[in-house]
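Each remark here refers to the structure printed beneath this line.
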Amino acid sequence: MANIVPYAFKGELMSGTHNFSAGGNTFFLALYTANPYSAASSTVYVTTNEVSSAGGSNYTAGGKQLQNQVVDSSTATTTVDFDNLTWGAATTGAATFGAAFAAIYNSTNANKIVVVLDFGGTKTATNGDFTIAFPNISTPANAILSLTSS
């Protein structure tokens with residue numbers, strides 16, 4: 001499976017539902033053990049298959065807020081970037097959980113889904129750090145979100 005950009009996101013983007021500029025909307029990233037979303041029906045954040053917050057996992061339902069969003073439109077490809085996220089000793093205490101998917105959602109606008117990320121298998125942390133490292137947008141094709149003009 002691959003990352004999913006929900007069909008609804010495209011229309012929401014064109015209607016101004018999502019503001020990725022600094023000081024714009026607030027976005028969160030939630031983690032999942034299995035994918036609860038599809039491109040056709042995914043519209044809002046759900047808790048189905050979300051990583052458990054029980055048993056000392058140090059994961060909190062709803063995930064974590066993404067910080068320092070940057071929109072770069074200096075090339076033919078416009079990209080969005082965020083700071084990396086870490087669940088672990090420095091933030092919430094040691095993380096102990098596994099996740100196979102993540103969803104970025106807009107908490108400012110009814111928790112609407114932006115993108116579902118497929119990790120290509122379960123990634124785990126056992127009494128350590130679980131980090132989501134966003135790709136460097138200096139190579140636009142690697143960005144987590146990008147729009148290309150032709």
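The values are calculated or read from the model by the stated rules, or taken from the named source; none is laboratory data. These numbers were taken from a predicted model, which means no experiment stands behind them. Neighbour counts run over all protein chains shown; Cβ positions are idealised from the backbone, glycine included. Side chains are part of the model used for accessible areas, which takes the heavy atoms of the whole protein and leaves out ligands, DNA and RNA. Shrake-Rupley method; radii C 1.70, N 1.55, O 1.52, S 1.80 Å.
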Give all pairs with beta carbons closer than 8 Å in which a residue from segment 20-45 that is part of a strand (DSSP E or B) meets a residue that is at pLDDT below 90 and open to solvent by less than 50 Å² (accessible area, probe 1.4 Å); count only pairs at least 6 apart in sequence or on separate chains. Phe27/Gln69
If I filter segment 49-68 down to residues being within 20 Å of Asn109 (Cα to Cα) and outside any strand (DSSP E or B), which single residue comes out as most open to solvent (accessible area, probe 1.4 Å)? Asn68
Could you pull out every one of the strands (runs of 3 or more DSSP E) wholly within segment 69-150 that has 2 or more residues that are buried (at least 19 other Cβ atoms within 10 Å of the Cβ) and at pLDDT 85 or above? 77-81, 85-87, 95-106, 112-128, 130-132
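Being more than 14 Å from the chain's Cα centre (by Cα) and among the β-branched types (Val, Ile, Thr): is that true of Thr126 here?
Values: more than 14 Å from the chain's Cα centre (by Cα): yes; among the β-branched types (Val, Ile, Thr): yes.
Yes; evaluated as a whole, the condition is true for this residue.
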Those residues of segment 3-20 which are open to solvent by 50 Å² or more (accessible area, probe 1.4 Å) and of a type in the set (Gly, Ala, Ser), in sequence order: Ser15, Gly16
